[in-house]
Amino acid sequence: MQHFIETQQFTKESLTELFKLSSSLEGARERSLEGKILATLFYEPSTRTRLSFESAMMRLGGNVISVESARETSSDVKGETLEDTIRIIGQYADAIVLRHPEIGSAARAATVSKVPIINGGDGAGQHPTQALYDLYTIEREVGRIDGIHVAIVGDLKHGRAARSICYLLGKYDVRMTFVSPPELRMRDDIKEYLAEHEVPYSEVERLDGVMREADVVYQTRIQKERFASPEEYERLKDVYVIDRALADSMKEGAIIIHPLPRVGEIAEDVDDSPHAVYFKQVGYGVTVRMAILKTILGGESDILRPPAI
Amino acid sequence: MQHFIETQQFTKESLTELFKLSSSLEGARERSLEGKILATLFYEPSTRTRLSFESAMMRLGGNVISVESARETSSDVKGETLEDTIRIIGQYADAIVLRHPEIGSAARAATVSKVPIINGGDGAGQHPTQALYDLYTIEREVGRIDGIHVAIVGDLKHGRAARSICYLLGKYDVRMTFVSPPELRMRDDIKEYLAEHEVPYSEVERLDGVMREADVVYQTRIQKERFASPEEYERLKDVYVIDRALADSMKEGAIIIHPLPRVGEIAEDVDDSPHAVYFKQVGYGVTVRMAILKTILGGESDILRPPAI
Amino acid sequence: MQHFIETQQFTKESLTELFKLSSSLEGARERSLEGKILATLFYEPSTRTRLSFESAMMRLGGNVISVESARETSSDVKGETLEDTIRIIGQYADAIVLRHPEIGSAARAATVSKVPIINGGDGAGQHPTQALYDLYTIEREVGRIDGIHVAIVGDLKHGRAARSICYLLGKYDVRMTFVSPPELRMRDDIKEYLAEHEVPYSEVERLDGVMREADVVYQTRIQKERFASPEEYERLKDVYVIDRALADSMKEGAIIIHPLPRVGEIAEDVDDSPHAVYFKQVGYGVTVRMAILKTILGGESDILRPPAI
């Protein structure tokens, strides 16, 4: 039995293996997990993560039972521990996707669980399947990961998705540009990690230049309240919007990805640009989750290393 | 790919075809949609519409993913547009049943969707599968539609179901009687539509006479607050209740239908009258939705014309 | 067609038959209920009961449609009766698991339903599948029911689970000890029932002695507010906690069961005691519900007597 708690469970080699499996599963409808039951146990709402896993499980022929708001169930209200809840849900299902606001919760669940735990987001911790499908989107749409230039844009200080993709990219021969207002720069831990892995990076404040050079622009949201002041927000907000002119300035084959939802930071007329792959990215999310489920529940292979718990 | 947004997508001929398909699906359990996934995306609660579509999909061997209160999902709260949500859910599912409080929302969704949109009610707009199964109930239980006399009873001014069935009946050789308090009469748009289609109709205030003459009595709810005054409510409320004596006054083979829920406007002792088919009607709803799903997802035929969007 | 409303529908003989069927279904994944649809209709939240039934149905190859909070659906808000709701849901599903806060609600539902009703808890009434799997756990883990000594611990006055198991045990040759604070003693109706069935019982206030003697200790929660006074709570609360030392004092082969969730009344270090079977008990719950579903929907046998409604 294998849990999936953190991206560190993958090496560059096993990522290649996972993506090969993912690629073979694109558009597939199988009966390989027939009779298996996946529980989605969500302590905070995340409709897309839930639906994406449910869709992935069903495409493999499996079944799903769901707890959409575990915080409000009577057992949680009565004071049951997460550990006990996991022990119980593990009697109903063959694997559990856990979404929980506390960092480390997925690892805690894994220590007591008799069925595989899949981390569906543990607060400020990881959301490892998201990071995986961001990377998979790059591989599928750019055609390679080694040798590319990736720009990450927006609130790099708080954005979990922006931080997570850096960890994965650290395994590859890439260079990176961080685009953000000064007060929302990528934190030092990530920069040190990249330095250790000899990934060159630079930090800039403006988006326009990097749009012409990057192979991948990873756009994210900046919330108004994250800026130092309303004046700073007014000064900078439009700088980080990708409009059609900016999209058109991109190199051939370059792509724009986004964790979604977007609320204005990519103009709607960018959607039919050949560079816009952020909706396709959602589909790749289902594909990669199929691969994770098949790896964990289908006894597909020993792609995953054990988590460090 | 075909959306189903409005009843106008059917002609009299294609309705006959749809009802033939429906009839062949009564009580059926198939695997014809095995591996397909239907998303029910509800921006306002409608447990019956949701369960009815889910049951229909499962009877055809398909799977279902559900968003019961899309208004409260984090993406909607963050300000995502309906269009983006549709683009994303369309990556998880092979078709989307959309329930939304705004008129025209299903058509808006269809303009951007890469998977079929099925209108599950768009506010004051249409709820086309309901109108279809109301009509199917008439055909199945009376044995014909041409030549019959249909009475529609209750709040005809605001009732969406009452208005919708009129549009469909306009395609047939029927005559109609509208039974309502003066202030809740059918609006002019419907009357003009019927006049254009040469459907004779009359308007009356009392129910008792028409009960003896109609082949179909379509009873609906009147909410207390819709009356001009509390006195008017007191004066009229009992006039519109179908009790057992009224039901017993009906012609042989005549039927009572109702969009449900009822809250007093049909007495409980009418339930075992041979004229009472309103619970059976619910079952016909599942059947007609099976036919719609099979038409749209099973590549059954080109029964449907494209919607006018 | 057979409803399952109350444990009285089983005799000692038919319980043996049900448990034989359950035992054959442990760990099974079948397609025997393929194409069948179970509705879980919950008027009060009970995530575990819902998931347990859903898991059981899916393990038999069946489908599930769910209403998690029927109290908040528009039809209930509009004033629809439970009877009408049952008539309607019965058009969507092949059987209904009903959870409702009012005693007798499942029997009311059964009188009008055209599909089998399974009582998933009717307030202060019964939760018959829970009582069955409590008993099944005893049979599977102790190896027999006749001849054993069962201690029931906690709030015996209000605890539905504690009361229900007594009715079932009344059919067997057991002896019982009730362990509770004086103000939370088992009510007279149960004691009279046991006396009628010649089941010897005693009542004690302390847990430690009985732990050494009982074959089964059925631990339940005591809520602080049930004690006569805060002083009484302080005086007694620790007396009813099973810690590891108490668990270790048990006879070989003796077991601790619990309806869960627990919130302190069994210490966590008891979990890996050989006597602790309360999490396994959850799994037996799925098994017994599979047996009930197969009996009712699979035409398995005539194990069940009709309910007294």
*Top positive-direction residue, dipole computed over chain C with Cβ charges, set C:Pro181, C:Ala70, C:His275*: C:Ala70
*Take the eigenvalues of the Cα gyration tensor for segment A:240-309, scale each by 5, and report the square roots as semi-axes in whole Å, largest first.*
34, 12, 11
*What does the charge add up to near C:Glu34, with Lys and Arg as +1, Asp and Glu as -1, over the other residues with Cβ less than 13 Å from its Cβ?*
+4
_Phi-based couplings in Hz for segment C:30-36 (Karplus 6.51, -1.76, 1.60; Gly and Pro marked x)_ = 10, 10, 5, 9, 3, x, 8
_As computed over chain C, the Cα convex hull volume per residue (Å³)_ = 130
*Using the reciprocal of the averaged 1/r over all distinct C-alpha pairs, how large is the Kirkwood radius of segment B:113-171 in Å?*
12.8
*asked:* With θ taken as phi - 60° and the coefficients 6.51, -1.76 and 1.60, list the Karplus ³J(HN,Hα) couplings across segment C:234-246 in order, rounded to whole Hz; mark glycine and proline as x.
replied: 4, 5, 10, 4, 6, 4, 9, 8, 8, 9, 5, 4, 5
_Pairs of alpha-carbon atoms within less than 8 angstrom and 6+ residues apart define the contacts here; what relative contact order does chain B have, in percent?_
22
*Averaged over B:211-220, number of beta-carbon atoms from partner chains that fall within 10 Å*: 0
*What residues qualify as long-range amide H neighbours of A:Val277, i.e. H under 5 Å apart, gap of 5 or more or another chain, H built at 1.01 Å from N?*
A:Ile256
_Estimated vicinal HN-Hα couplings, Hz - segment C:303-308 in sequence order (Karplus 6.51, -1.76, 1.60; Gly, Pro = x)_ = 4, 8, 7, x, x, 8
*Where does chain A land at 222 nm, in deg cm²/dmol rounded to the nearest 500, when only DSSP H runs of n ≥ 4 count, each adding -39500 (n - 2.57), divided by all residues?*
-11500 deg cm²/dmol
*So what's the projected area for segment A:193-309, the Cα convex hull averaged over all directions, in nm²?*
10.8
*Can you run the Rg to Rh ratio on segment A:182-237? Use alpha carbon positions and the Kirkwood inverse-distance Rh.*
1.01
*Peptide A:55-63 - average C-beta neighbours from other chains (10 Å radius)*: 5
*asked:* Give me the inter-chain shielding for C:89-101: mean count of other chain Cβ atoms within 10 Å, whole number please.
replied: 3
_Show me the three semi-axes of the equivalent ellipsoid for segment B:129-281, from the C-alpha gyration tensor (sqrt of 5 times each eigenvalue), largest first, rounded to whole Å._
21, 20, 13
_Could you tell me which residue out of C:Ile256, C:Leu169, C:Tyr233 lies farthest along the dipole of segment C:129-281 toward its positive end? Charges go on the beta carbon: Lys and Arg +1, Asp and Glu -1, centred on the Cα centre._
C:Leu169
*Under 1.5 on a/c is rounded, so check that first for the protein assembly as shown, then, if it is not, pick prolate when a/b is larger than b/c and oblate when it is not; a ≥ b ≥ c are the square roots of the alpha carbon gyration tensor eigenvalues.*
oblate
*Peptides B:128-135, A:30-37, B:95-102: what's the order by average Cβ count within 10 Å, highest mean first?*
B:128-135, B:95-102, A:30-37
_At 37 °C and a viscosity of 0.692 mPa s, what translational diffusion coefficient does Stokes-Einstein give for segment C:89-144, taking Rh as the Kirkwood radius over Cα pairs? Give it in µm²/s as a whole number._
265
_What is the sum of charges, Lys and Arg at +1 and Asp and Glu at -1, for the other residues whose Cβ falls under 12 Å from the Cβ of A:Ala162?_
+4
_Under 5 Å, built H, 5+ apart or other chain: amide partners of B:Leu60_ = B:Glu30
*Whole-Å distance, taken between Cα centres, linking segment C:247-309 and segment A:170-189*: 53
*Once amide H atoms are placed 1.01 Å from N in the peptide plane, what residues at a sequence separation of 5 or more from B:Tyr201, or on another chain, have their amide H within under 5 Å of its amide H?*
B:Met176
_I need the peptides C:40-52, A:179-191, C:202-214 ranked by packing, meaning the mean over residues of other C-beta atoms within 10 angstrom, with the highest value on top._
C:40-52, A:179-191, C:202-214
*Please get the size of the charge dipole for chain A, origin at its Cα centre, with Cβ charges of +1 on Lys and Arg and -1 on Asp and Glu, quoted in debye to the nearest 20.*
740
*In nm, give the distance between the simple-model label positions of B:Arg244 and C:Lys114, each being 7 Å from the Cα along the Cα-to-Cβ direction.*
2.1
*State the three equivalent ellipsoid semi-axes of segment B:1-114, derived from the C-alpha gyration tensor as the square roots of 5 times its eigenvalues, in descending order and whole Å.*
26, 17, 13
_Rounded to the nearest 20 debye, what is the charge dipole size of segment C:129-281 about its Cα centre when +1 sits on each Lys and Arg Cβ and -1 on each Asp and Glu Cβ?_
320
*Under a cut-off of 29 Å between alpha-carbon atoms, report the lysines in cross-link reach of C:Lys237, not counting same-chain residues fewer than 8 places apart.*
A:Lys78, C:Lys157, C:Lys191, C:Lys224, C:Lys251, C:Lys280
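Every number here is computed from the coordinates shown, using simple stated rules; none is lab data. The structure displayed is predicted, hence computed values, not measured ones. Cβ atoms come from the backbone with ideal geometry, glycine included; neighbour counts cover every protein chain shown.
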